[in-house]
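Have a look at the structure below, then the notes.
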Amino acid sequence: MTSRTMDGCIKCGACVRECPVLLQEGQDRFPGPRRLAVEGPRFNEELSALRSPLELCTTCARCTAACPSALPLPEALVQVRRLLYREKPRPERQENMLANIDGTLRTVLPSGPVTELPSTGDVLFFPGCIGHGRYPEGITSSLSLIRAVGGRPFAPQGWACCGSPLEKIGDEQRLARLEAHNKALFRGFDTVVTSCPGCTVQLRKRYGLDPQHIIEHIHGSGRLRRSSFDHGSPPIKVALHSPCHLARVVGPHTLEMARDLLDMVPGVDVVSTGLEDDCCGGGGGVASARPDVAERMAARKVQAAVEAGAELLLAPCPFCVINLGRTGLLNVQDLTVFLASRLLKAEGIYSPIP
Amino acid sequence: MDLPETSCDVLVVGNGAAGCLASTLLAKRGYDVCMVSRGTTSTSLSTSRTSLSGVSRRKEVTQLLRGLGAAYGLFGSHPGKGEGITSLGSVVRQDLSSPHDWLCTGPERTAVLGLKGNADLDPDLLCRMAGRCDSIGECRPYWADLGLPSSIDAGGGPTITRESRVAVEELAEAISEMDEEMVIIPPLFLGPRHDLALSILERSSGRFIREAATPLSNPGRRLQACLERGALDSGCRLLGDRQVIGSLAQGHELREVRIMSGLREGTIRFGALVLATGNIVSGGLQVGCDGPYDPVFGLATDTCSTGSLRSPALTTALSVGIRNREGRAVRKDGSVMQNVWVAGSACPGLSYPLGRGLGHVASSALTIAEMVRGYL
């Protein structure tokens with residue numbers, strides 16, 4: 001893959017122009033995808049010199065979308081990372097995450113009460129580590145929405161991390177272990193619903209399943225309509241964040257579905273911020289390796305939403321919600337939490353907005 | 001999981017200049033037009049400068065482009081024979097120009113302002129090259145370190161955005177120290193009001209402000225945004241970041257294509273299909289061991305040599321386009337697809353830089369849109 005990327009680059013600079021990390025941090029701190037994924041490997045640069053910038057790629061894939069040759073730059077960059085980490089220790093917070101995996105098979109330890117999931121049903125819902133450990137209301141709302149469209153959600157006992165964070169930071173050994181563990185649990189189910197786009201992509205690419213993101217699942221059911229939502233709720237201005245791994249990897253149709261669902265909710269006005277497509281800054285291991293950078297990137301987005309007059313920022317991804325919420329400038333909610341809170345008969349919604 | 005099936009009267013593959021113009025013309029006639037785009041178009045990487053030399057239906061092309069450009073501050077200068085100057089100091093023919101394009105006219109003494117960190121304009125290089133050229137007057141290089149980003153959105157409202165106002169003020173201050181009457185700056189501003197930002201800069205600095213023609217930079221993005229807006233405003237739907245991966249034929253007609261959106265696939269049914277895919281540059285054709293080929297539809301290709309580049313391999317590759325008979329695509333077995341048309345640089349000989357650019361592409365889009373109407 002790296003060699004295809006190296007050979008395919010026409011040096012047009014479109015990726016350098018589009019990269020949100022480069023835009024935020026400047027060329028000195030982050031030289032951009034072309035330098036890291038193409039020129040670095042091509043000229044056999046000393047990897048340790050590229051260490052700091054390599055940690056900063058959020059794998060948002062804006063570069064791939066901008067590339068006239070559609071080169072898989074984030075994947076190529078992750079391969080370079082893999083080479084870097086073969087001998088060298090990782091950033092401290094990533095080491096913590098790996099210790100969590102070794103101890104519990106999940107990347108994060110719950111920081112508070114978790115949402116209990118039924119162990120039997122007809123729709124396999126994969127909660128994902130971030131939702132489970134950091135954003136239980138996102139799990140609750142996903143369960144409500146699956147029920148609202150007629151399903152009985154459940155999660156297999158003892159599920160492990162899907163492996164997406166390990167893939168992004170290039171830890172093949174642990175990745176294989178988690179996959180073997182989960183595959184045994186998933187046997188017999190080919191339809192899985194997830195609320196985290198990272199899980200959706202991982203379960204599709206590495207497990208051979210046909211997972212649906214929760215937005216695809218509830219929209220695709222065709223059972224939600226304007227009459228499903230509460231007409232008595234106060235009007236609200238919201239901004240919709242476009243999560244990278246949802247919009248660019250699961251597919252751009254998901255964001256159209258999200259808009260469609262928001263249009264069904266009475267009293268909702270979706271404002272445009274101009275930065276919808278920019279990365280929240282948390283992906284690709286950046287939130288754990290370089291939280292300062294992740295927060296700066298998030299602040300830029302949230303600020304734009306505030307300036308556009310939004311009272312609430314919605315993201316159909318728990319990971320983005322956590323990272324955007326860190327800035328404290330604006331209420332941030334998972335889209336599923338908002339939709340579930342506006343359902344006429346919401347079941348099991350107990351958690352207030354974080 | 002499959003995406004819900006959709007249908008339309010005309011499906012246009014590609015959202016570059018040819019795709020957007022054909023979509024605009026057809027949607028304005030009341031057809032349900034859907035445009036599929038894969039991502040970056042060659043139009044958005046172009047200089048956006050337009051020559052009409054040798055273009056058939058020149059008057060209609062001019063009218064079409066000026067009409068769409070009006071809301072976007074593009075092509076607002078009087079049309080006529082002109083010569084523009086590129087960021088490398090070479091002269092290009094340019095018939096349709098925008099008010100702040102740097103043309104071979106105006107005062108003799110010119111300042112060229114480079115901005116540190118902005119790769120679009122190197123004043124030292126430009127002045128050196130311009131010195132060798134008789135038709136360009138005396139140029140003097142300047143550098144400024146203003147910490148400006150390489151593109152700034154000037155917005156689409158009645159006034160320019162706050163961000164662009166700040167940039168204009170900083171530029172005006174830097175420019176006020178120069179002696180020359182005309183100042184060339186790298187293209188910085190995006191959005192429908194980019195032209196207003198430059199006009200304000202002219203007023204506050206008291207100099208003529210001009211932009212050199214730079215490819216892979218903001219001028220192409222402006223043109224792309226302008227044409228895309230035109231297509232959307234005329235009622236066309238745009239399915240972005242999606243790729244056509246297969247098709248289903250019924251005799252000599254195509255009835256549906258499969259498109260890929262991320263992890264998913266879906267079907268689009270249509271009455272007519274316009275291939276405005278570009279050739280190898282935009283991915284309409286791919287290069288295999290026997291040369292360029294059509295990766296999706298099984299169409300034949302033709303070579304048309306209209307010029308040559310320094311690289312023979314690139315010249316060969318860019319000379320190849322989709323074979324068509326009176327606009328209709330031809331399959332490898334020689335049969336003509338009755339409802340599939342080829343527009344823009346997907347046609348042999350129209351691909352930039354071997355072809356002659358936007359004027360010819362627009363003319364092709366005009367002709368194809370009429371043929372599609374005739375068929376429907």
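The values are calculated or read from the model by the stated rules, or taken from the named source; none is laboratory data. Treat the numbers as computed from the prediction; the structure is a model and nothing was measured. Counting neighbours? That spans all protein chains shown, and the Cβs are built from the backbone with ideal geometry, glycine included.
Kindly provide the set of residues from the range B:93-129 that are surrounded by fewer than 15 Cβ atoms within 10 Å (Cβ to Cβ) and outside any loop (DSSP other than H, G, I, E, B), ordered by number.
Correct list: B:D124, B:R128.
Please pick out the residue among B:C139, B:C133, B:C127 that is touching a helix residue (DSSP H, G or I) at 6+ places or on another chain (Cβ under 6 Å), more than 15 Å from B:L198 (Cα to Cα) and more than 14 Å from chain A (Cβ to nearest Cβ).
After ruling out the rest, the residue left standing is B:C139.
Among the residues of the range B:350-365, is there at least one that is β-branched (V, I, T) and over 18 Å from B:L223 (Cα atoms)? Walk me through it before giving the result.
Residues of the range B:350-365 that are β-branched (V, I, T), as a first pass: B:361.
This time we only want the ones that are over 18 Å from B:L223 (Cα atoms), so: none.
No: the range B:350-365 contains no residue that is β-branched (V, I, T) and over 18 Å from B:L223 (Cα atoms).
Kindly evaluate B:G230 against the criterion of being within 30 Å of A:C244 (Cβ to Cβ), more than 14 Å from every other protein chain (Cβ to nearest Cβ), part of a strand (DSSP E or B) and of a type outside the set (D, E).
Numbers: within 30 Å of A:C244 (Cβ to Cβ): yes; more than 14 Å from every other protein chain (Cβ to nearest Cβ): yes; part of a strand (DSSP E or B): no; of a type outside the set (D, E): yes.
When the stated conditions are applied, B:G230 does not pass them.
How many residues are under 21 Å from A:R174 (Cα atoms), part of a loop (DSSP other than H, G, I, E, B) and either in contact with a helix residue (DSSP H, G or I) (Cβ under 7 Å, 6 or more places away or on another chain) or aromatic (F, W, Y) (or both) if we restrict to the range A:59-87?
Count: 1.
Taking only the range A:47-69 into account, find how many residues are under 21 Å from the mean Cα position of the chain (by Cα) and either within 14 Å of chain B (Cβ to nearest Cβ) or without any contact (Cβ under 8 Å) to a residue 12 or more places away in the chain (or both).
Summing the residues that are under 21 Å from the mean Cα position of the chain (by Cα) and either within 14 Å of chain B (Cβ to nearest Cβ) or without any contact (Cβ under 8 Å) to a residue 12 or more places away in the chain (or both) in the range A:47-69 gives 7.
Tell me whether the range A:25-46 contains one or more residues that are surrounded by fewer than 20 Cβ atoms within 10 Å (Cβ to Cβ), hydrophobic (A, V, I, L, M, F, W, C), assigned to a loop (DSSP other than H, G, I, E, B) and away from every other protein chain (no Cβ under 14 Å).
For the range A:25-46, residues surrounded by fewer than 20 Cβ atoms within 10 Å (Cβ to Cβ), hydrophobic (A, V, I, L, M, F, W, C), assigned to a loop (DSSP other than H, G, I, E, B) and away from every other protein chain (no Cβ under 14 Å): present.
Could you list, in sequence order, all residues of the range A:227-255 that are under 18 Å from A:T336 (Cβ atoms) and of a type in the set (V, I, T)?
A:I236, A:V238, A:V250, A:T254
Go through the range B:203-262 and count every residue that is more than 30 Å from B:M178 (Cβ to Cβ) and not charged (D, E, K, R). Before the answer, list the steps.
To start, the set of residues in the range B:203-262 that are more than 30 Å from B:M178 (Cβ to Cβ) comprises B:224-262.
Next, only the ones that are not charged (D, E, K, R) stay: B:224-227, B:230-232, B:234-236, B:238-240, B:243-252, B:254, B:257, B:259-262.
Final tally of qualifying residues: 29.
Need the failing condition index for B:E256 against (1) in contact (Cβ under 8 Å) with a residue 24 or more places away in the chain; (2) surrounded by 15 or more Cβ atoms within 10 Å (Cβ to Cβ); (3) more than 14 Å from every other protein chain (Cβ to nearest Cβ), just the number.
Failed condition: (1).
Which one of B:G271, B:G278, B:G321, B:G307 is farther than 30 Å from A:P197 by Cα, in the same structural domain as B:C20 (by TED's automatic domain parsing), outside any strand (DSSP E or B) and at pLDDT 85 or above?
Details: B:G271 fails: outside any strand (DSSP E or B); B:G321 fails: outside any strand (DSSP E or B); B:G307 fails: at pLDDT 85 or above.
B:G278 is the lone residue from the list that is farther than 30 Å from A:P197 by Cα, in the same structural domain as B:C20 (by TED's automatic domain parsing), outside any strand (DSSP E or B) and at pLDDT 85 or above.
Out of the helices (runs of 4 or more DSSP H) lying entirely within the range A:98-192, which hold 3 or more residues that are touching a Ser or Thr at 6+ places or on another chain (Cβ under 7 Å)?
Helices (runs of 4 or more DSSP H) meeting the threshold: A:129-134, A:136-148.
Would you please list the contacts, defined by Cβ atoms under 8 Å and residues six or more apart or on different chains, that run from a residue in the range B:24-42 that is modelled with pLDDT of 95 or more to a residue that is among the aromatic types (F, W, Y) and surrounded by 21 or more Cβ atoms within 10 Å (Cβ to Cβ)?
So the pair list comes out as B:C34/B:F270.
Give me the residue from the range A:193-207 that is under 14 Å from the mean Cα position of the chain (by Cα) and either among the aromatic types (F, W, Y) or outside any helix (DSSP H, G or I) (or both) and, out of that set, nearest to A:A340 (Cα to Cα). Give the derivation first.
Step one: filter the range A:193-207 for residues under 14 Å from the mean Cα position of the chain (by Cα), giving A:194-203.
Subset that is either among the aromatic types (F, W, Y) or outside any helix (DSSP H, G or I) (or both): A:194-196.
On the way: A:T194: 16, A:S195: 13, A:C196: 16 Å.
For the range A:193-207, the residue satisfying everything is A:S195.
In the range B:41-56, is there at least one residue being closer than 30 Å to B:R255 by Cβ, charged (D, E, K, R) and either under 15 Å from the mean Cα position of the chain (by Cα) or outside any strand (DSSP E or B) (or both)?
Within the range B:41-56, the first condition is being closer than 30 Å to B:R255 by Cβ, and the residues that meet it are B:41-43.
This time we only want the ones that are charged (D, E, K, R), so: none.
No: the range B:41-56 contains no residue that is closer than 30 Å to B:R255 by Cβ, charged (D, E, K, R) and either under 15 Å from the mean Cα position of the chain (by Cα) or outside any strand (DSSP E or B) (or both).
Out of B:G349, B:G283, which single residue is out of contact with any helix residue (DSSP H, G or I) (no Cβ under 9 Å at 6 or more places or on another chain), in a loop (DSSP other than H, G, I, E, B) and surrounded by fewer than 23 Cβ atoms within 10 Å (Cβ to Cβ)?
Every option except B:G283 fails the conditions.
Of A:G274, A:G232, A:G267, A:G251, which residue is farther than 18 Å from A:L145 by Cβ, without any contact (Cβ under 8 Å) to a residue 24 or more places away in the chain and touching a strand residue (DSSP E or B) at 6+ places or on another chain (Cβ under 9 Å)?
A:G251
Return the residues of the range B:315-346 that are buried (at least 19 other Cβ atoms within 10 Å of the Cβ), without any contact (Cβ under 8 Å) to a residue 40 or more places away in the chain and among the β-branched types (V, I, T); say none if nothing qualifies.
Passing the criteria: only B:V330.
Does the range B:236-246 include one or more residues that are without any contact (Cβ under 8 Å) to a residue 60 or more places away in the chain and more than 14 Å from chain A (Cβ to nearest Cβ)?
Looking for residues that are without any contact (Cβ under 8 Å) to a residue 60 or more places away in the chain and more than 14 Å from chain A (Cβ to nearest Cβ), one finds at least one in the range B:236-246, hence yes.
Working only within the range B:173-214, note down all residues that are within 14 Å of chain A (Cβ to nearest Cβ) and either closer than 24 Å to B:M35 by Cβ or among the charged types (D, E, K, R) (or both). It would help to see each step written out before you state the result.
Taking the range B:173-214 and keeping what is within 14 Å of chain A (Cβ to nearest Cβ), we get B:186-188, B:190-193, B:214.
Hits for the range B:173-214 are B:L190, B:G191, B:P192, B:R193.
Yes or no, residue by residue, for (1) without any contact (Cβ under 8 Å) to a residue 60 or more places away in the chain; (2) among the polar types (S, T, N, Q):
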| residue | (1), (2) |
| --- | --- |
| B:R49 | no, no |
| B:S53 | no, yes |
| B:S56 | no, yes |
| B:S77 | yes, yes |
| B:D101 | no, no |
| B:C104 | yes, no |
| B:L121 | no, no |
| B:D124 | yes, no |
| B:R128 | yes, no |
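Take the residues of the range B:157-178 that are part of a loop (DSSP other than H, G, I, E, B) and at pLDDT 90 or above: which is surrounded by the fewest Cβ atoms within 10 Å (Cβ to Cβ)? Spell out the reasoning first.
Within the range B:157-178, the first condition is being part of a loop (DSSP other than H, G, I, E, B), and the residues that meet it are B:157-161, B:176-178.
Pick out the ones that are also at pLDDT 90 or above and you get B:158-161, B:176, B:178.
On the way: B:P158: 7, B:T159: 13, B:I160: 25, B:T161: 19, B:S176: 11, B:M178: 17.
Only one residue tops the list, namely B:P158.
So, in the range A:68-79, exactly how many residues are at pLDDT 85 or above and either among the hydrophobic types (A, V, I, L, M, F, W, C) or assigned by TED's automatic domain parsing to the domain that holds A:P252 (or both)?
Selection size over the range A:68-79: 5.
Table: residues versus (1) more than 14 Å from chain A (Cβ to nearest Cβ); (2) closer than 18 Å to B:Q243 by Cβ; (3) touching an Asp or Glu at 6+ places or on another chain (Cβ under 9 Å).
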{"site": "B:G14", "(1), (2), (3)": "no, yes, no"}
{"site": "B:R29", "(1), (2), (3)": "yes, no, no"}
{"site": "B:R49", "(1), (2), (3)": "yes, no, yes"}
{"site": "B:R57", "(1), (2), (3)": "yes, no, no"}
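Where in the range A:208-303 are there helices (runs of 4 or more DSSP H), lying fully within it, with 3 or more residues that are away from chain B (no Cβ under 14 Å)?
Ranges flagged: A:253-264, A:286-289.
What about A:T327, is it in a loop (DSSP other than H, G, I, E, B), touching a residue at least 12 places away in the same chain (Cβ under 8 Å) and not small (G, A, S)? Working first, answer last.
Working: in a loop (DSSP other than H, G, I, E, B): yes; touching a residue at least 12 places away in the same chain (Cβ under 8 Å): yes; not small (G, A, S): yes.
Considered against the rule, which asks whether it is in a loop (DSSP other than H, G, I, E, B), touching a residue at least 12 places away in the same chain (Cβ under 8 Å) and not small (G, A, S), A:T327 comes out as yes.
Just give me the residues in the range B:187-199 being surrounded by fewer than 24 Cβ atoms within 10 Å (Cβ to Cβ) and either hydroxyl-bearing (S, T, Y) or touching a Ser or Thr at 6+ places or on another chain (Cβ under 9 Å) (or both), in sequence order. Before you say what the answer is, go through the steps one by one.
Let us first name the residues in the range B:187-199 that are surrounded by fewer than 24 Cβ atoms within 10 Å (Cβ to Cβ), namely B:190, B:192-193, B:195-196, B:199.
Within the range B:187-199, B:L190, B:R193, B:D195, B:L196, B:S199 qualify.
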